[in-house]
Amino acid sequence: MMSRNIKLVLTSSRILTPTSIEPRPGTIEIDNDGHIVSILSNKSSFESYNFLDKSQFLDVGENVIMPGVVDIHVHLNEPGRTHWEGFETGTKAAAAGGVTTVIDMPLNSIPPTTTVENLEHKIESAKGKCWVDVGFYGGVIPGNHNDLIPLIDSGVKGFKCFLIESGVDEFPCVNEQQVRLAYEKLQGKNSVFMFHAEMEDSQKEITNENMRVDKDLDNMQSNLFTKFLNSRPSSLELNAISLIIRIAKEFPTVRTHIVHLSTAQAIDIICKAKSEGIPLTVETCFHYLCLNAEEVQLGRTDFKCCPPIRDESNREELWKALLDGTIDYVVSDHSPCTADLKFLDKKTEDRDFLKAWGGISSLQFGLPVLWTEARKRGCGFHHLNTWLSKNTSKQIKLGNRKGEIKVGYDADFVIWAPEETFTVLNDIIQFKNKVTPYEDKVLYGVIKKTIVRGNIVYDVENGGVVDKPKGELLI
Ligand SMILES: [Zn+2]
């Protein structure tokens, strides 16, 4: 036994390793560098580790030990919109939710991550404020094609662009020609090019102007979710995805990715593209799998996101596509804002769905939200591992060190009680603006501890989120 080098030992009757689809009893030994050095297939007692301090040996009983959640679609908004979210509050929410790695999207911070200089600005803002590991994507906007390779060299994990107005002025959308230019730059670089896949039929940009409520319309109508839903039909996603697949075919050395798929109508063309060998991946979000349009009440602008949450039959189709592997993984797309931008300071009947900020906050609750739904469908912990950690880690080329419990991998874990329930009360929310459609919902899966590279960053029995940030920047 390499006694001197062991920093932490975890033992449980339920550990999920790649060798079994069901959790098994086991013991995990973690070294001083925060790596898993051995995995024993039996529970251990402190007596066999008496060279350790008691605090270095954790018998978590029946609680499940799984790889920490790797949520690779998160908007932390710092610098520039830190009143919406920030590295500190966002990563504390992550830690409280069993998330051990997040990847920050290039937009909603000011400046956006579209140049190396802007990335450096973001890195400076993040230093010393991260409770979990944090990486960054770059953005593709009109005119920054020459910044893409330098951004890859500076450590971005991929690129995101919009084919429709993004919601913020400093991150304009791109047209087909600009998309092609970006693909040319990214050829052979083993990066991933990600699309917000909504686009108007005519390929003309939807601007704030023509998204605005027609003044002649009954004002009440614009305050209903259905009015908003009709303004972002599935056809916008289908248009965008058809274009993306067409171009992706021409650039087979670039990995193409569709973020936050909402419409199930696109599943057939995605399936076909994948079967033709186009290097295409697809994600969906907790809210598309676990919420539906039918449950959105008057004034519940906290349910608004783009593309929108669609109807119940659509939700069922998304689940099928997730289970058959057409959808590769699930992310939060945590995209917070201040309460006034959701008009939550107004009466319910006065909250305009068309003008409210489109984004859902859920970073802290992804695992319980998905599990609450998945367990009803007979899914196992290995499904959660695949959708939340393994496939997301692979996507950002961290599959050789994160997303699975294997010797040599980072000791990133969520330790949780899947049979226990809790209520999403406002005062347990760690993210900055405590606005979420999951408020008051009862969820299965209580997070007990979150461990990042062998450091306990969240411990429900010990005050929750620890006092010092232990996260690293993945650059
Ligand atoms: Zn997003």
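Looking at this structure, is Asn50 on the phi < 0 side of the Ramachandran plot, outside the structural domain of Asp169 (by TED's automatic domain parsing) and free of Cβ contacts under 8 Å to residues at least 12 places away in the same chain?
yes
Could you run through segment 237-275 and say how many residues are within 16 Å of the ligand (Cβ to nearest atom) and of a type outside the set (D, E, K, R)?
Summing the residues that are within 16 Å of the ligand (Cβ to nearest atom) and of a type outside the set (D, E, K, R) in segment 237-275 gives 7.
Can you pull out every residue in segment 114-137 that is within 16 Å of the ligand (Cβ to nearest atom), closer than 18 Å to Val457 by Cβ and crowded, with 24+ Cβ neighbours inside 10 Å?
Within segment 114-137, just Val134 meets the criteria.
Only one of these conditions is not met by Val414: (1) assigned by TED's automatic domain parsing to the domain that holds Cys285; (2) touching a residue at least 40 places away in the same chain (Cβ under 8 Å); (3) closer than 22 Å to His287 by Cβ. Which number is it?
(1) is the only condition that Val414 fails.
Of all residues in segment 21-42, count the ones that are in a loop (DSSP other than H, G, I, E, B) and surrounded by 15 or more Cβ atoms within 10 Å (Cβ to Cβ).
Of the residues in that region, 2 qualify.
For Leu354, work out the one condition from (1) more than 16 Å from the ligand (Cβ to nearest atom); (2) in contact with a Gly (Cβ under 8 Å, 6 or more places away or on another chain); (3) closer than 15 Å to Thr301 by Cβ it doesn't fulfil.
Here Leu354 meets the rest and fails (2).
Only residues in segment 428-451 that are more than 17 Å from Phe303 (Cα to Cα) count as the first member; pair them with residues that are acidic (Asp, Glu), Cβ under 6 angstrom, at least 6 apart or cross-chain, and list the lot.
Lys432/Glu85; Val446/Glu420; Lys449/Asp459
In segment 63-102, how many residues are within 26 Å of Arg401 (Cβ to Cβ) and in a loop (DSSP other than H, G, I, E, B)?
Number of matching residues: 7.
Condition test on Ile149, is it hydrophobic (A, V, I, L, M, F, W, C), free of Cβ contacts under 8 Å to residues at least 60 places away in the same chain and within 16 Å of the ligand (Cβ to nearest atom)?
no
I'd like the full set of residues that are of a type outside the set (Phe, Trp, Tyr), closer than 28 Å to His35 by Cβ and assigned to a loop (DSSP other than H, G, I, E, B), limited to segment 409-435.
Result: Ala411, Asp412, Gln430.
Starting from residues that are closer than 26 Å to Leu384 by Cα and within 13 Å of the ligand (Cβ to nearest atom), keep the ones in segment 91-113 and report whichever is surrounded by the most Cβ atoms within 10 Å (Cβ to Cβ).
For segment 91-113, the residue satisfying everything is Val102.
Just to check your reading of the model, which residue among Lys129, Lys122, Lys160 is part of a strand (DSSP E or B) and basic (Lys, Arg)?
Lys160
With the checklist (1) of a type outside the set (S, T, N, Q); (2) more than 16 Å from the ligand (Cβ to nearest atom); (3) within 20 Å of the chain's Cα centre (by Cα) in hand, flag the one item Glu78 doesn't pass.
The failed condition is (2).
With respect to the numbered conditions (1) away from the ligand (no atom under 16 Å from the Cβ); (2) touching a strand residue (DSSP E or B) at 6+ places or on another chain (Cβ under 9 Å); (3) touching a residue at least 40 places away in the same chain (Cβ under 8 Å), which one is the sole condition not fulfilled by Arg401?
The failed condition is (3).
Every residue, every condition in (1) outside the structural domain of Gln430 (by TED's automatic domain parsing); (2) farther than 17 Å from Ile72 by Cα; (3) not β-branched (Val, Ile, Thr), yes or no:
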residue: Gly325; (1), (2), (3): yes, yes, yes
residue: Val330; (1), (2), (3): yes, no, no
residue: Gly359; (1), (2), (3): yes, no, yes
residue: Leu367; (1), (2), (3): yes, no, yes
residue: Leu370; (1), (2), (3): yes, no, yes
residue: Ala374; (1), (2), (3): yes, yes, yes
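Take the residues of segment 260-291 that are in a loop (DSSP other than H, G, I, E, B) and touching a Ser or Thr at 6+ places or on another chain (Cβ under 9 Å): which is surrounded by the fewest Cβ atoms within 10 Å (Cβ to Cβ)?
Pro279
The values are calculated or read from the model by the stated rules, or taken from the named source; none is laboratory data. Everything numeric in this text was worked out from a predicted model, so none of it was measured. We place every Cβ from the backbone using ideal geometry, glycine too, and count neighbours over all the protein chains shown.
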